[in-house]
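Right, one structure below, let's go through it.
The values are calculated or read from the model by the stated rules, or taken from the named source; none is laboratory data. Worth saying up front: this structure is predicted, and the values here are computed from it rather than measured. Note: ideal-geometry Cβ built from the backbone for every residue, glycine included; neighbour counts use all protein chains shown. Calculation scope for accessible area: heavy atoms of the full protein, side chains included, ligands and nucleic acids excluded. Shrake-Rupley method; radii C 1.70, N 1.55, O 1.52, S 1.80 Å.
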Amino acid sequence: MPINKALWEVHFPSSLELSQKAQKRFSFEELFYIELFVLRERNRLNKEKSVSLPIKLEIIQDFVKSLPFKLTDAQKKSSWQILKDLERPRPMNRLLEGDVGSGKTVVAAMAALNTIKHGYQTAFMAPTEILSKQHFQEIAKLFSDFRINIGLLTGKQDQFRSKKLKNQVIEISRAKLLKKTLEGEIDILIGTHALIQDKVKFGKLGLVVLDEQHRFGVEQRAKLCRNHNLVPHLLSMTATPIPRTLAL
């Protein structure tokens with residue numbers, strides 16, 4: 001239906017049928033523009049260069065064996081698709097959607113582990129301090145059998161789990177944590193919006209994980225992926241697939 005007629009029929013419908021046709025026309029237009037935008041963004045990302053991270057199968061298998069539970073089929077499928085995407089020399093841009101408690105963090109941990117074992121760092125950003133601390137504790141447990149340095153950076157508290165000190169968690173000054181991050185000594189840095197401060201610089205950032213990504217602004221997400229020779233891979237996670245999230 002032409003736009004002029006559709007606008008009229010939406011506000012002053014001649015019949016129920018024409019009113020529904022007008023609504024359908026505007027719904028289609030909105031979805032069409034979203035699809036065009038997504039396609040444009042995909043084409044733009046395909047021109048960007050990122051680091052290729054082939055699957056380190058033995059390490060991933062060791063990680064899966066170390067888990068105190070068995071992965072679900074959905075977790076296995078999601079993990080494999082993400083790991084295969086990390087192999088490509090262009091930035092991954094994936095959305096991992098699942099209910100609270102469905103195990104999204106374990107899937108993200110596998111992607112982070114594969115990234116770290118290639119000598120690259122992972123940034124893991126959550127919207128609140130409580131959630132950041134929960135991820136820090138959970139990922140520390142998941143990686144307890146692996147020699148990985150994990151940092152926690154929030155507005156009030158900074159912590160460091162050192163592989164040299166038998167996975168001991170210690171309080172650390174902000175300056176020391178930032179220095180270790182810049183020098184690449186921190187394998188995975190977990191935190192709130194504090195991660196996008198200008199002072200936070202990564203030595204070799206290969207992967208960015210955003211939890212509850214719809215709670216971050218477009219510029220906030222983009223800031224983590226800027227200022228690098230190679231654009232890092234991006235994994236967004238959410239338990240609330242609102243239309244805007246699906247569009248992103």
Odd one out for Asp198, checked against (1) modelled with pLDDT under 85; (2) open to solvent by less than 10 Å² (accessible area, probe 1.4 Å); (3) of a type outside the set (Phe, Trp, Tyr) = (2)
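Taking only the range 117-155 into account, find how many residues are β-branched (Val, Ile, Thr), touching a strand residue (DSSP E or B) at 6+ places or on another chain (Cβ under 8 Å) and surrounded by fewer than 24 Cβ atoms within 10 Å (Cβ to Cβ). Walk me through it before giving the result.
Start the filter on the range 117-155 by keeping residues that are β-branched (Val, Ile, Thr), which leaves 122, 128, 130, 139, 148, 150, 154.
Next, from what is left, pick out any that are touching a strand residue (DSSP E or B) at 6+ places or on another chain (Cβ under 8 Å): 122, 139, 148, 150, 154.
Then keep just the ones that are surrounded by fewer than 24 Cβ atoms within 10 Å (Cβ to Cβ); that gives 148, 154.
Of the residues in that region, 2 qualify.
I'm checking my understanding of the structure. Among residues of the range 1-36 that are in contact (Cβ under 8 Å) with a residue 24 or more places away in the chain and either part of a helix (DSSP H, G or I) or touching a Pro at 6+ places or on another chain (Cβ under 6 Å) (or both), which one is surrounded by the fewest Cβ atoms within 10 Å (Cβ to Cβ)? Before you say what the answer is, go through the steps one by one.
Within the range 1-36, the subset in contact (Cβ under 8 Å) with a residue 24 or more places away in the chain is 1, 25, 34.
If we keep only those that are either part of a helix (DSSP H, G or I) or touching a Pro at 6+ places or on another chain (Cβ under 6 Å) (or both) as well, we get 25, 34.
Numbers: Arg25: 17, Ile34: 15.
Within the range 1-36, the match that is surrounded by the fewest Cβ atoms within 10 Å (Cβ to Cβ) is Ile34.
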List, please: which pairs have Cβ atoms under 9 Å, are six or more places apart or on different chains, and start with a residue in the range 47-70 that is among the acidic types (Asp, Glu) and end with one that is surrounded by 15 or more Cβ atoms within 10 Å (Cβ to Cβ)?
-> Glu48/Arg90; Glu48/Pro91; Glu48/Leu230; Glu48/Val231; Asp62/Phe146
Inspect the range 53-66 for any residue being within 18 Å of the chain's Cα centre (by Cα) and on the phi > 0 side of the Ramachandran plot and give the result as yes or no.
-> no
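Residues are listed down the side, and each one gets a yes or a no for (1) in contact with a helix residue (DSSP H, G or I) (Cβ under 8 Å, 6 or more places away or on another chain); (2) within 27 Å of Ile116 (Cα to Cα):
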residue: Arg25; (1), (2): yes, no
residue: Glu29; (1), (2): no, no
residue: Leu36; (1), (2): no, no
residue: Leu53; (1), (2): yes, yes
Within the range 155-175, is even one residue in a helix (DSSP H, G or I), farther than 25 Å from Ala239 by Cα and modelled with pLDDT under 90?
-> yes
